[in-house]
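Q: Okay, handing you the structure first.
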Amino acid sequence: MNSVNNQQPLLEVKKLGVTYTDEKGSLQAINEISFSVEREQFICVVGPSGSGKSTLIRILSGLLAPTTGAVFLDGSEIKKPRQGVGIVFQKANLMPWRSVLRNITLPLEIKSVPIKEAESKARELIELVGLKGFEDWLPQDLSGGMLQRVAIARSLVQDPELLLLDEPFGALDALTREKMGAELLRIWRARKKTVIMITHDISEAVFLADRVLAISPQPGNLRLDLKVDLERPRHEEDRFTPEFVGLTQQLREAIE
Amino acid sequence: MKVILKFLKKVGFIILSLAVGLILWQAFTTYSDIPSFIFPTPFDVWEKFLSVARDGSLLFHTLVTLQEVLLGLTLGLGAATLTGYLLAKSRTVERVLSPYIVASQSIPIVAIAPLLVIWLGPGIFSKILTSALIVFFPVLVNTIVGIRSVPVELYELMRSLQANHWQRIIKLEIPAALPVFLGGLRIGATLAVIGAVVGEFVGADKGLGFLVNVGRGLYDTSLVFVSVFTLVILALGLYGSVVFLESRLLSWKKRE
Ligand SMILES: Nc1ncnc2c1ncn2[C@@H]1O[C@H](COP(=O)(O)OP(=O)(O)OP(=O)(O)O)[C@@H](O)[C@H]1O
Ligand SMILES: [Mg+2]
């Protein structure tokens, strides 16, 4: 481990502002947001629809360039998509013509990793996300929860340091959602990743995260940076403790 | 076992339908007063078939037409795929080229075929070109529609995985556009036969279209029938090949 590297936050967002401009005019999606993220932290970002959450993920993943300000990963500015960042999109975003296994090997194929090696890595992750036996299935034959597991496995296959998830469980029912959240925590602990996850479910955010960022809409502003000091591992019942409820209350007020 | 039974049933129906057709045809020719040089009996046609098959002329002319069709199809396909890709990718190219493309579609191929024969001579090239021209449009349209139908999210995925141009084309655009593209090819394959025959009609000294013309001139309607049937089989063969290709390449797609 490089000790110098470890003192510096993994991610630094400095005075980030994003304005979308097209023929119809311009729209300020993010006003001016600054925050930094330590290694191996689990961060959730909450905010109502249209508060620029997806925009933030697109910036952090390098898919979109900031209008003002800058984002640094490991001290170097993010200008385009780069190695070491895994993304899970809101829709699972799988290729319908590829099997589960092949969808997961895709990132490695693009990096020209020999196919045998890619497959054995993919199989490892299939096991991690609990999809053993479904290697050769096509996306069209899987449930929503399973699709997201594939997407998560795919984002992990390059062993990224930073994992970005944009409302990965948004399309799932409440029960599956809770289950997937617990799975994600398990994976996070097993793999020692830094996670930034978008959600508009405040309770989910508090349950999962070390720290929750609340963004207000139009334009997106950072309203609250809340540390969640609840003990881990957390259990479903914890959601009803006064501490937990207090935290969700604070976040709700910040957003409204 | 089930599959074999199903297949036999299908073949059985085809044979039955052909047999009924032949009987009706025979009945029509025996009970009407139409002389057989105007409308031949199935038996006349069979006799003619045997004679042209034996002296090798049928095979010769079939191979000529097949060659024109295959070369025309390849040329049309190649040109349409390349142009279609460029059109789908660039609004500017689309704006510049589309008036010509649309205009060219309103000119019937029979009207330009004589010009092509004048320019390229009565040899094989004018037929290849008429065939290619008629193939061009449906394949072009389907290429454009196919490429435009590639989901934006998958482009984003490829970008986030740092795929280069070739990887994007090979791993995303080709497989995603393939179903629509093959639909165009299916139409193109049968049109290619028509294109070649139109070219042969205008001026040729070999090929099945030429044979039809000879039969017409000699009032040898049996010869016309033999040639037309051969053309139908040729077109069906090509169509079948594309369908076969579809079933191999698109096995991931659920059949309705
Ligand atoms: N490509 C774009 N061009 C123009 N405006 C955009 C674009 N993408 C997003 N916006 C606008 O920016 C604002 C923030 O969008 P964003 O998708 O980041 O919100 P969000 O917080 O992810 O919302 P949701 O919870 O509904 O996913 C919205 O008002 C949206 O209309
Ligand atoms: Mg969003």
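Q: In segment A:13-27, what count of residues is obtained for those that are within 16 Å of ligand 2 (Cβ to nearest atom) and either crowded, with 18+ Cβ neighbours inside 10 Å or not hydroxyl-bearing (S, T, Y) (or both)?
A: 2
Q: Of (1) of a type in the set (A, V, I, L, M); (2) modelled with pLDDT of 90 or more; (3) within 23 Å of the chain's Cα centre (by Cα), B:V20 satisfies all except one. Which?
A: The one condition B:V20 does not meet is (3).
Q: Among the candidates A:S61, A:S54, A:S49, A:S120, which residue alone is more than 16 Å from ligand 1 (Cβ to nearest atom) and among the small types (G, A, S)?
A: Of A:S61, A:S54, A:S49, A:S120, the one residue that is more than 16 Å from ligand 1 (Cβ to nearest atom) and among the small types (G, A, S) is A:S120.
Q: Please count how many residues of segment A:100-151 are of a type in the set (S, T, Y) and farther than 22 Å from A:L165 by Cβ.
A: Adding up the residues that qualify gives 2.
Q: Tell me which helices (runs of 4 or more DSSP H) are completely within segment B:76-167 and hold 2 or more residues being more than 14 Å from chain A (Cβ to nearest Cβ), or say none if there are none.
A: Once the helices (runs of 4 or more DSSP H) in segment B:76-167 are filtered for at least 2 residues that are more than 14 Å from chain A (Cβ to nearest Cβ), what remains is B:91-106, B:109-120, B:124-148.
Q: Look at A:L101 and say whether it is at pLDDT 95 or above and away from ligand 1 (no atom under 16 Å from the Cβ).
A: In short, yes.
Q: Also: Name the residues in segment A:218-228 that are within 15 Å of ligand 2 (Cβ to nearest atom) and open to solvent by 50 Å² or more (accessible area, probe 1.4 Å), would you?
A: A:Q218
Q: Every residue in segment A:68-89 that is more than 9 Å from every other protein chain (Cβ to nearest Cβ), open to solvent by 70 Å² or more (accessible area, probe 1.4 Å) and either closer than 27 Å to A:L142 by Cα or in contact (Cβ under 8 Å) with a residue 12 or more places away in the chain (or both), please.
A: A:T68, A:K79
Q: Among the residues of segment A:79-89, is any under 15 Å from B:M158 (Cα atoms), among the β-branched types (V, I, T) and away from ligand 2 (no atom under 16 Å from the Cβ)?
A: Yes, segment A:79-89 contains at least one residue that is under 15 Å from B:M158 (Cα atoms), among the β-branched types (V, I, T) and away from ligand 2 (no atom under 16 Å from the Cβ).
Q: Go through segment B:2-34 and count every residue that is closer than 20 Å to B:W46 by Cα and assigned to a helix (DSSP H, G or I).
A: 18
Q: Further question: Looking at segment A:21-43, which of the residues that are in contact with a helix residue (DSSP H, G or I) (Cβ under 8 Å, 6 or more places away or on another chain) and in a strand (DSSP E or B) is farthest from A:K193 (Cα to Cα)?
A: This residue is A:A29.
Q: To continue, here is another question. Just give me the residues in segment A:186-200 being buried (at least 18 other Cβ atoms within 10 Å of the Cβ) and within 23 Å of A:R252 (Cα to Cα), in sequence order.
A: Across segment A:186-200, the qualifying residues are A:V195, A:I196, A:M197, A:I198, A:T199.
The values are calculated or read from the model by the stated rules, or taken from the named source; none is laboratory data. Quick caveat, the model's predicted, so the values are computed rather than measured. Every residue, glycine as well, gets a Cβ built from its backbone with ideal geometry; the counts of neighbours run over all protein chains shown. Note: areas computed on protein heavy atoms with side chains; ligands, DNA, RNA excluded. Shrake-Rupley method; radii C 1.70, N 1.55, O 1.52, S 1.80 Å.
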